[in-house]
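The values are calculated or read from the model by the stated rules, or taken from the named source; none is laboratory data. Because the structure is predicted, anything quoted here is derived from the model rather than measured. Positions of Cβ are generated from backbone atoms using ideal geometry, with glycine treated the same way; all protein chains shown enter the neighbour counts.
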């Protein structure tokens, strides 16, 4: 049943991604001001939304680990597995944001990068979570998970700063499309393409998150078994 469910999920995700691509590239109308390059928004913004979601899942996992590590170690390890999986998937989506943004910026601003508040805080967020993953990969010892959880919580503090940066500071990055100044928003003819791509990339991200969580849980159980066998020997 588990394999069947995963197979269905994979098939639905593939269909959503193909349909989202069609909507973004062919169905959505051309923007009068930006031309075809504006279509990057159908990947850039959904990826940013997904990154925020998965960093939030990672944050919840790290808080759960710190809260449970002394009294409920088994549940703490489950929380830690979610924290790691969420951080990995979040970094993937944040990387997409940092790639697609300069692609649009090169055409719109005639430059690949500028130290705008939104761009800079997003880069800092990416660097913090890459540091978290490097710590998880190369550090060892009983305190590694605790240190990683603290770093995760520190990194998550940057998420609301990234979100609010183009509201708090005037810079090169466009003002918010949704919930911004009067007159902001997206042409209704573009909304279906945007919505389908949000759904498609969230489905893909949740699929990878779930698979990565199960892989990490198996690794945790294998490591615990090896420790127990060493102690018994």
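Here are the numbers for the structure shown:
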quantity: Residue within the stretch 108-116 that is more than 14 Å from the chain's Cα centre (by Cα) and assigned to a helix (DSSP H, G or I) present; calculated: yes
quantity: Residue among 149, 193, 139 that is out of contact with any strand residue (DSSP E or B) (no Cβ under 6 Å at 6 or more places or on another chain), in contact (Cβ under 8 Å) with a residue 24 or more places away in the chain and over 22 Å from residue 40 (Cα atoms); calculated: 149
quantity: Residue check for residue 99: assigned to a helix (DSSP H, G or I) and in contact with a helix residue (DSSP H, G or I) (Cβ under 8 Å, 6 or more places away or on another chain); calculated: no
quantity: Yes/no for residue 176 being out of contact with any strand residue (DSSP E or B) (no Cβ under 7 Å at 6 or more places or on another chain), within 26 Å of residue 101 (Cα to Cα) and at pLDDT below 95; calculated: yes
quantity: Single match in 41, 63 (criterion: out of contact with any strand residue (DSSP E or B) (no Cβ under 8 Å at 6 or more places or on another chain), modelled with pLDDT of 90 or more and surrounded by 19 or more Cβ atoms within 10 Å (Cβ to Cβ)); calculated: 41
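Matching residues to (1) under 23 Å from residue 125 (Cβ atoms); (2) crowded, with 16+ Cβ neighbours inside 10 Å; (3) out of contact with any strand residue (DSSP E or B) (no Cβ under 8 Å at 6 or more places or on another chain); (4) modelled with pLDDT of 95 or more:
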| position | (1), (2), (3), (4) |
| --- | --- |
| 172 | yes, yes, yes, no |
| 185 | no, no, yes, no |
| 189 | no, no, yes, no |
| 199 | no, yes, yes, yes |
| 212 | yes, yes, yes, yes |
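Conditions tested, residue by residue: (1) under 19 Å from residue 159 (Cα atoms); (2) out of contact with any strand residue (DSSP E or B) (no Cβ under 9 Å at 6 or more places or on another chain); (3) touching a residue at least 40 places away in the same chain (Cβ under 8 Å); (4) not in a helix (DSSP H, G or I).
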site	(1), (2), (3), (4)
10	no, yes, yes, no
14	no, yes, no, no
18	no, yes, no, no
22	no, yes, no, no
26	no, yes, no, no
49	yes, yes, yes, no
